[in-house]
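Worksheet: one structure, shown below.
The values are calculated or read from the model by the stated rules, or taken from the named source; none is laboratory data. Everything numeric in this text was worked out from a predicted model, so none of it was measured. Don't worry about glycine lacking a Cβ; one is built from the backbone with ideal geometry, like all the others, and counts go over all protein chains shown.
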Amino acid sequence: MLGLFKQKQKTEHVKILLVDDEPDLIDTIQCRLEANNFVVTTASNGEQGLSKAAEDKPDLILLDTNMPVMNGHEMLERLRKTPDLKNIPVIMCTALCEAHDIEVANSYGISDYVTKPFDYADLIEKITTALDTRNN
């Protein structure tokens, strides 16, 4: 079947971990995601992100690259080495748009790469696609 009648993913109990060090951006993204019925937890650096991922076992992680304490690439590397966290889909949400940055992120098996500033409807679509891909 072509998937024309495929039901859209329900977002009610989908847990998303948002890891970014910009408080205003965190508030905006969290508000938009919660308006779409996602359950959102946040962390302001990679170290906190790893801790929250281990504690909450999110369905998906939105991850910035440039952060203090532990950057996004370091978090992603450690995440992929942790057996019970390694399969969590990750979407990079970053201002970095150089080919090298994208290649490094892709080498860790990310689901998608979104550059800031981004369209929120596009972000929601990418999240839904990543979750659908994981569930199939």
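When you go through (1) buried (at least 16 other Cβ atoms within 10 Å of the Cβ); (2) at pLDDT below 95; (3) out of contact with any Lys or Arg (no Cβ under 9 Å at 6 or more places or on another chain); (4) within 20 Å of Ile26 (Cα to Cα) one by one for Leu62, which number turns out not to apply?
(2)
Thr42 - would you say it is β-branched (Val, Ile, Thr), out of contact with any Gly (no Cβ under 7 Å at 6 or more places or on another chain) and modelled with pLDDT under 95?
Values: β-branched (Val, Ile, Thr): yes; out of contact with any Gly (no Cβ under 7 Å at 6 or more places or on another chain): yes; modelled with pLDDT under 95: no.
So Thr42 does not fit the description; no.
If I go through region 31-87 residue by residue, how many of them are among the acidic types (Asp, Glu) and in a loop (DSSP other than H, G, I, E, B)?
Filtering region 31-87 down to residues among the acidic types (Asp, Glu) leaves 34, 47, 55-56, 59, 64, 74, 77, 84.
Checking which are in a loop (DSSP other than H, G, I, E, B) leaves us with 59, 64, 84.
Number satisfying all stated conditions: 3.
Can you tell me which residue in region 110-136 is modelled with the highest pLDDT, limited to those that are over 21 Å from Ile26 (Cβ atoms) and loosely packed, with under 13 Cβ neighbours inside 10 Å? Walk me through it before giving the result.
Going through region 110-136, the residues over 21 Å from Ile26 (Cβ atoms) turn out to be 129, 132-136.
Among the residues that remain, those that are also loosely packed, with under 13 Cβ neighbours inside 10 Å are: 133, 135-136.
Details: Thr133: 82, Asn135: 66, Asn136: 61.
That would be Thr133.
Scan region 94-117 residue by residue and report those that are outside any helix (DSSP H, G or I) and more than 14 Å from the chain's Cα centre (by Cα). Full working, then the answer.
Narrowing region 94-117 to residues outside any helix (DSSP H, G or I): 94-98, 107-117.
Matches in region 94-117: Ala95, Leu96, Cys97, Glu98, Ser107, Pro117.
Just one of (1) farther than 20 Å from Cys31 by Cα; (2) surrounded by 13 or more Cβ atoms within 10 Å (Cβ to Cβ); (3) of a type outside the set (Lys, Arg); (4) at pLDDT 85 or above trips up Val104, so point out which.
(4)
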